Amino acid sequence: MTDFKGTIGRTLAESEPHFEDRPHPGNGAPNVVIVLLDDTGFAQFGCYGSDIDTPNIDGLAAGGVQFTNFHVTPVCSPTRAALLTGRSQHAVGMRGLSGWVTGFPHSAGHISNAAATVAEVLRDEGYATLCAGKWHLMPGTHISAAGPFDQWPLGRGFERFYGFLPGETDQFNPELVRDNTYVDPPTTPEEGYHLSEDLVDQLLVMINDNKGLRPDRPFFAYLPFGATHAPHQAPQEYLDKYRGHYDEGWDLVRQRWFKRQIELGVIDPDTTLAPRNPGVEPWDDLGENQQRFACRLQEAFAAFLDHTDDQIGRFVDGLRAMGELDNTILVLLSDNGASQEGGASGTMHEVKHFQGIKESPDDAVERIDDIGGPSSHTNYPWGWAQCGNSPFRWYKTLTHEGGVHVPMVVHWPAGLGNAAGTKRSQFAYVSDIVPTIYEILGITPPDTYRGTEQMPVTGHSFASVLDDVDAPATNTLQYFEFVGNRALIVERDGVWWKAVTRHLPGTDFDTEPWELFDLTADPSECHDLADTKPDRLAELIDLWWQEAETHGVLPLDERRLELFIPHLNDHSVHRPDRRYTYRPPMTPIPTRTAASLTDSVVDITARVTSAVGDEGVLLATGNENSGCSLFVQNQRFVVDYNAFGDHTVVESSIEVPAGDCTLAVHLERDGSAGRVEVSIDGQACGWEIIPLYLVTFTSVGVSVGEDHGSAVSARYSAPFAFAGTLHDITIQLPDGRDVSSDDATAKSEWSRQ
């Protein structure tokens with residue numbers, strides 16, 4: 001009662017009550033919406049040059065302000081950290097992906113508590129704060145039903161959350177969280193389920209709940225789609241729509257998109273279309289099956305983006321039907337450029353790529369109709385990614401324009417006035433968005449939040465640029481860095497200069513070459529001026545180091561894959577003895593927190609009590625694309641080892657007895673192959689050679705007592721829950737670390753994030 005401001009006497013007549021007033025932003029305060037797409041390149045929206053149907057995004061651009069010189073970080077988590085805080089990604093602890101915890105302040109694996117998010121600030125101003133989509137802002141070992149939960153969305157300012165926590169999920173069979181609890185999707189793929197539709201449905205419910213009961217209270221809604229990150233998956237009618245659409249190949253399509261960009265005014269007519277990136281072959285040099293495979297992969301991407309655009313349209317229509325659209329500040333952007341993780345040829349299943357399994361186009365076309373559906377996990381080849389980044393060089397993860405120059409649209413009918421339908425070529429950066437929102441709303445971010453002194457908001461509001469097409473850019477000096485790839489953009493006497501270096505692992509940071517570009521005349525970075533203007537380059541490199549000191553970029557750290565390998569700790573989900581015991585009922589265990597069933601030696605022991613006829617899954621990991629399932633069926637103990645559709649099945653030669661018994665499995669690698677053995681109550685009763693012993697399965701973790709998601713084995717329909725009693729199941733991994741398994745797991749996690 002320390003905040004009580006009334007008086008208390010002996011009687012009511014001698015007392016004065018006090019009623020606490022919760023914060024309120026004031027009548028007429030606008031709503032705020034941020035829509036974030038994933039791995040979407042500068043050219044891929046229709047209003048930025050592509051021929052992919054995005055009429056709803058195009059409509060927002062036509063009724064809003066379209067930015068043509070907007071920049072982000074080269075990868076997911078840092079962009080999200082800068083977006084939600086208005087500060088440097090390094091300063092707030094997110095120099096790289098959220099799984100990277102290195103012991104240095106710039107790589108904490110989560111947003112620093114000294115950097116309140118926009119959700120935390122707006123909630124304390126009286127806004128409802130709602131999120132549906134991808135989070136990707138916490139260490140992977142915190143992503144489980146065991147928490148800790150302090151860096152989950154509800155711990156960082158959102159009152160409601162529905163979506164997924166890691167960097168990627170399957171669009172047909174996602175691993176979903178509602179608030180702080182894992183939940184199943186409301187329907188199945190066979191019933192028409194797709195994650196993007198579900199996210200919009202859930203966010204509209206949250207907003208309707210808020211506005212139906214508290215129409216006076218504005219909302220902040222954050223909608224970070226899983227699209228268009230791999231896997232590229234879409235409903236069949238969208239896949240059918242793009243059949244044959246890209247048969248002419250990436251060279252001609254990129255030329256056409258580039259020409260349309262000039263016609264639309266999103267690039268200057270004097271811009272040069274960058275040459276093919278190294279590794280991108282001329283289309284006509286590809287074999288017939290290479291072309292067929294590559295075309296179908298691009299079709300899946302186009303279908304995925306088209307479908308996402310329709311969901312954005314449904315969301316906007318929902319706001320319009322509520323009467324809320326006009327007074328909603330809606331910001332739509334991508335988190336980085338188009339992805340290069342599909343490799344030179346593209347991939348049917350990205351996990352193969354990271355296990356060194358070369359996918360032959362001749363083999364892939366035999367399953368070509370699976371592309372884009374639940375039985376695929378595809379990503380397109382470099383040629384299509386560069387097409388999506390037109391007119392620029394390079395891709396996601398790099399600090400050249402192809403990695404960091406993306407589309408951004410601001411739509412606000414009640415606030416933009418005559419600015420609606422115009423474009424802005426002024427430079428802006430992702431950390432500038434939140435300061436712009438704060439200025440429009442008249443909010444000053446707190447100096448102290450929940451007892452923690454706050455670092456300053458260092459982004460630059462571009463509210464003046466929204467109001468005036470001729471206003472100067474407010475951000476005139478911006479650094480970039482990711483795993484040693486570095487860049488700096490600065491304005492000098494009306495000319496925008498960029499220094500950039502592509503860091504190769506093992507290269508000396510001090511001696512590796514930098515490039516210099518005049519972005520005003522050469523926005524696609526085609527004409528390196530490093531040799532002709534060495535003084536200017538030296539100035540920019542020196543400025544980069546100054547900015548690095550200011551924003552906590554140091555120490556430079558080129559490590560990537562090894563940072564995904566989990567540390568063994570008594571106070572972690574991964575204990576030093578590498579022994580895991582699970583007892584149902586349990587929610588599914590995500591990949592980063594579960595025991596790995598792909599180690600060099602895996603011993604699994606299940607204690608069960610069952611009656612004759614009791615069947616079901618004891619343990620499963622992965623999904624229909626690849627995984628391993630242990631189950632009882634027809635009174636036999638069965639292991640199905642699914643290596644990308646090639647099933648090795650072991651069925652016990654003796655029956656599972658009624659009553660108490662112990663069922664055991666031994667998995668062991670021998671080169672690229674392996675062996676699986678089963679036993680019942682200590683009696684060996686079946687074994688098989690595994691032709692391809694995988695070093696990682698998929699992004700889907702472990703489920704206990706059932707098979708969560710799509711079925712690993714074709715011998716049952718998921719979830720096929722065990723009808724008997726599973727007392728516990730123990731997984732013992734070797735005392736020594738399996739380097740090859742750790743490496744493959746790290747590569748797979750790199751792809752996912």
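The values are calculated or read from the model by the stated rules, or taken from the named source; none is laboratory data. Not measured: the values here are computed from a predicted model. Heads up, the Cβs are rebuilt from the backbone with ideal geometry, glycines too, and the neighbour counts pull from every protein chain shown.
Observations on the model:
- Helices (runs of 4 or more DSSP H) wholly inside the stretch 46-145 that include at least 2 residues being among the small types (Gly, Ala, Ser), over 30 Å from residue 252 (Cβ atoms) and in the same structural domain as residue 157 (by TED's automatic domain parsing): 76-85
- Considering the conditions (1) buried (at least 18 other Cβ atoms within 10 Å of the Cβ); (2) in a loop (DSSP other than H, G, I, E, B); (3) without any contact (Cβ under 8 Å) to a residue 40 or more places away in the chain, residue 161 is excluded by exactly one of them, (2).
Residues checked against (1) buried (at least 21 other Cβ atoms within 10 Å of the Cβ); (2) among the polar types (S, T, N, Q); (3) under 19 Å from residue 139 (Cα atoms); (4) in the same structural domain as residue 730 (by TED's automatic domain parsing):
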{"site": "518", "(1), (2), (3), (4)": "no, no, no, no"}
{"site": "530", "(1), (2), (3), (4)": "no, no, no, no"}
{"site": "539", "(1), (2), (3), (4)": "no, no, no, no"}
{"site": "542", "(1), (2), (3), (4)": "no, no, no, no"}
{"site": "581", "(1), (2), (3), (4)": "no, yes, no, yes"}
{"site": "584", "(1), (2), (3), (4)": "no, no, no, yes"}
{"site": "597", "(1), (2), (3), (4)": "yes, no, no, yes"}
{"site": "607", "(1), (2), (3), (4)": "no, no, no, yes"}
{"site": "621", "(1), (2), (3), (4)": "yes, yes, no, yes"}
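- Flag for residue 643 being at pLDDT below 95, under 25 Å from residue 694 (Cα atoms) and not hydroxyl-bearing (Ser, Thr, Tyr): yes
- The stretch 1-60, residues that are among the hydroxyl-bearing types (Ser, Thr, Tyr) and within 18 Å of residue 261 (Cβ to Cβ): 40, 48, 50, 54
- Selected residue [farther than 16 Å from residue 206 by Cβ, at pLDDT 95 or above and in contact with a Phe, Trp or Tyr (Cβ under 6 Å, 6 or more places away or on another chain)] from 133, 155: 155
- At least 1 residues being under 15 Å from residue 71 (Cα atoms) is the threshold, and among the strands (runs of 3 or more DSSP E) wholly inside the stretch 452-560 those reaching it are 477-482, 485-492, 495-501.
- Counted residues, the stretch 703-739 - those being closer than 18 Å to residue 600 by Cα, among the β-branched types (Val, Ile, Thr) and either in contact (Cβ under 8 Å) with a residue 24 or more places away in the chain or surrounded by 24 or more Cβ atoms within 10 Å (Cβ to Cβ) (or both): 2
- Considering residues of the stretch 463-498 that are of a type in the set (D, E, K, R) and closer than 30 Å to residue 97 by Cβ only, the residue surrounded by the fewest Cβ atoms within 10 Å (Cβ to Cβ): 498
- Checking residue 314 against (1) in contact with an Asp or Glu (Cβ under 6 Å, 6 or more places away or on another chain); (2) among the basic types (Lys, Arg); (3) at pLDDT 95 or above, the condition it does not meet: (1)
- Filter result for the condition that a residue is of a type in the set (Ser, Thr, Tyr) and surrounded by fewer than 24 Cβ atoms within 10 Å (Cβ to Cβ), over 98, 112: 112
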